[in-house]
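*Asks:* There's a structure below that I have some questions on.
The values are calculated or read from the model by the stated rules, or taken from the named source; none is laboratory data. If you're wondering where the values come from, they're calculated on a predicted model, not measured in any experiment. In this analysis, Cβ positions are derived from the backbone assuming ideal geometry, glycine residues included, and neighbour counts consider all displayed protein chains.
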């Protein structure tokens, strides 16, 4: 984990020259009182962000089932509609005529059946004739029901309450079967749809609570996992997950969102942020070196990771058991004598890197 020894040696050499001229000894550095912290191994669950998109939990693409000219459309983009409200009406003159024709045929078939049943009771008709007319009446009834149902397709109503989010056609346009006319969404129930790496999807369960942020709205929310896909995409190696979030006036379908997940547990080193200071683009700490008679500060380059709650993850430069200075580092020099004060008693849990627990 140690690195940058050459740079440290250069900094030590510069520190040794500070305060004196060539051929003259450098003045002795004064003793400084400091507090220290021991570098410990911690159990870390790194935080991984995946991107997602806000979608309405209820959404529908409204399409026509019959062909015809649109004669009525009382909605526009953004219209709020209730379940059952009229969305589109399609001209259906031919279907109306077919319904009238089928109704007339049904009424005639029923009259013929009723007359033949009376004659059969009087002994003037046969049972076979009655049965034949019964079948004809049933056929006429089915034909009437079929054309009546098709005529009902000329009137399209809202399947649920929501907002018109897309309007593709207008009055006068020709509607065709299967062609989308409108899109309707219920924005009172929102979800974030995110693609989660297959390595994390196995640990996700319905009902899990996850942090969700929406940068454009400046919101941080808690979302509940509603659906977890049972299979992954073989190309992206991800699987879709749907997370329910609370509705807000600043939230819209299609907005960008971030979902924070906990990665697999790892071991890492962590120290107080106060111990780390910058020198140009380098990050450094002061270690405690025991010389027997005294303790002195030794400069060490480090590479840091995640920072949170006053703690910083150390990726390289330190080892477990090292002791670092956590107070007054800005006024120390390499090789300076130290008066190490006892560490104060800790009250409550030690702040750690996200998901970090004492190891």
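*Asks:* Working only within the range 280-309, note down all residues that are out of contact with any strand residue (DSSP E or B) (no Cβ under 6 Å at 6 or more places or on another chain) and not in a strand (DSSP E or B).
*Replies:* Matches in the range 280-309: 280, 281, 291, 292, 293, 309.
*Asks:* Need the failing condition index for residue 271 against (1) assigned to a loop (DSSP other than H, G, I, E, B); (2) in the same structural domain as residue 315 (by TED's automatic domain parsing), just the number.
*Replies:* (1)
*Asks:* Taking the range 70-93, which residues are at pLDDT below 90 and surrounded by 13 or more Cβ atoms within 10 Å (Cβ to Cβ)?
*Replies:* Listed by number, the list holds a single entry, 92.
*Asks:* Hey, any hits in the range 252-269 for a residue that's in contact with a helix residue (DSSP H, G or I) (Cβ under 7 Å, 6 or more places away or on another chain), more than 15 Å from residue 195 (Cα to Cα) and loosely packed, with under 15 Cβ neighbours inside 10 Å?
*Replies:* no
*Asks:* Okay, moving on. I'd like the residue in the range 41-67 that is modelled with pLDDT under 80 and surrounded by fewer than 16 Cβ atoms within 10 Å (Cβ to Cβ) and, out of all such residues, is farthest from the chain's Cα centre (by Cα). Reasoning before the result, please.
*Replies:* Initial filter on the range 41-67 (modelled with pLDDT under 80): 41-47.
Within this subset, residues satisfying the condition of being surrounded by fewer than 16 Cβ atoms within 10 Å (Cβ to Cβ) are 41, 43, 47.
Working: 41: 32, 43: 26, 47: 14 Å.
In this case the residue turns out to be 41.
*Asks:* Scan the range 180-191 and tell me whether some residue there is under 30 Å from residue 93 (Cα atoms) and surrounded by fewer than 18 Cβ atoms within 10 Å (Cβ to Cβ). Please lay out each step first, then the result.
*Replies:* Residues of the range 180-191 under 30 Å from residue 93 (Cα atoms): 180-184.
Next cut, surrounded by fewer than 18 Cβ atoms within 10 Å (Cβ to Cβ) only: 180.
Yes, the range 180-191 contains a residue that is under 30 Å from residue 93 (Cα atoms) and surrounded by fewer than 18 Cβ atoms within 10 Å (Cβ to Cβ).
*Asks:* Can you pull out every residue in the range 311-327 that is within 38 Å of the chain's Cα centre (by Cα) and in a strand (DSSP E or B)? Working first, answer last.
*Replies:* Just the residues of the range 311-327 that are within 38 Å of the chain's Cα centre (by Cα), to begin with: 311-320.
Within the range 311-327, 311, 312, 313, 314, 315, 316 meet the criteria.
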